[in-house]
């Protein structure tokens, strides 16, 4: 099943993601850095890499929310974790948290770019990775990030690629859930000396 999905993903991207006229990230989104951690008064209010990894697993999010406060996450916003070089769409659970300097927030224009296509660009595209790993910045800056090039197809083609990428993320999430359930069963068997008890 996974192999078929990967092959289908490759086929769709190869078919639709060709070289269109280049744009820069700042042309399709408002981009800003988080704040210094010393300005976050309550640690529990801070968005963390644990939150980022959990948000990567979420595929059912609303994109109709509006940003109320700068540096505060909202459902449907894209967050890029600098240390891990990964992006995620903020889930409802992690909405309202404060972003530190470890993160870049991407408030994209939905009239110009599909959020799942943009997430694919950050996490999978060679175009982004090539620019990210060849930058001369000691630490990735907002100004450099804003000027990264992105080839943007028309909205229909973006949505085709974005939907396939979302399905791939959903499949990975389901596999992880199944692994967690199996791990719990095995641990329970070991705890009970090999005798399974349904508690």
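Structure data summary
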{"read-out": "Which numbered condition residue 69 misses (of (1) buried (at least 18 other Cβ atoms within 10 Å of the Cβ); (2) out of contact with any helix residue (DSSP H, G or I) (no Cβ under 9 Å at 6 or more places or on another chain))", "value": "(1)"}
{"read-out": "Test: residue in region 70-85 that is more than 14 Å from the chain's Cα centre (by Cα), over 20 Å from residue 146 (Cα atoms) and part of a loop (DSSP other than H, G, I, E, B)", "value": "no"}
{"read-out": "Checklist (1) touching a residue at least 60 places away in the same chain (Cβ under 8 Å); (2) buried (at least 17 other Cβ atoms within 10 Å of the Cβ) applied to residue 119, failing item", "value": "(1)"}
{"read-out": "Residue count for region 128-145, restricted to those that are buried (at least 16 other Cβ atoms within 10 Å of the Cβ) and either under 17 Å from the mean Cα position of the chain (by Cα) or not in a helix (DSSP H, G or I) (or both)", "value": "4"}
{"read-out": "Selected residue (criterion: surrounded by the most Cβ atoms within 10 Å (Cβ to Cβ)) from residues of region 160-176 that are more than 16 Å from the chain's Cα centre (by Cα) and in contact (Cβ under 8 Å) with a residue 24 or more places away in the chain", "value": "160"}
{"read-out": "Residue within region 90-107 that is surrounded by 20 or more Cβ atoms within 10 Å (Cβ to Cβ) and either in a helix (DSSP H, G or I) or at pLDDT below 80 (or both) present", "value": "no"}
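The values are calculated or read from the model by the stated rules, or taken from the named source; none is laboratory data. In this text the structure is predicted, and so the values were computed from the model without any measurement. Methodologically, a virtual Cβ is constructed for each residue, glycine included, from the backbone with ideal geometry; neighbour enumeration extends over all protein chains shown.
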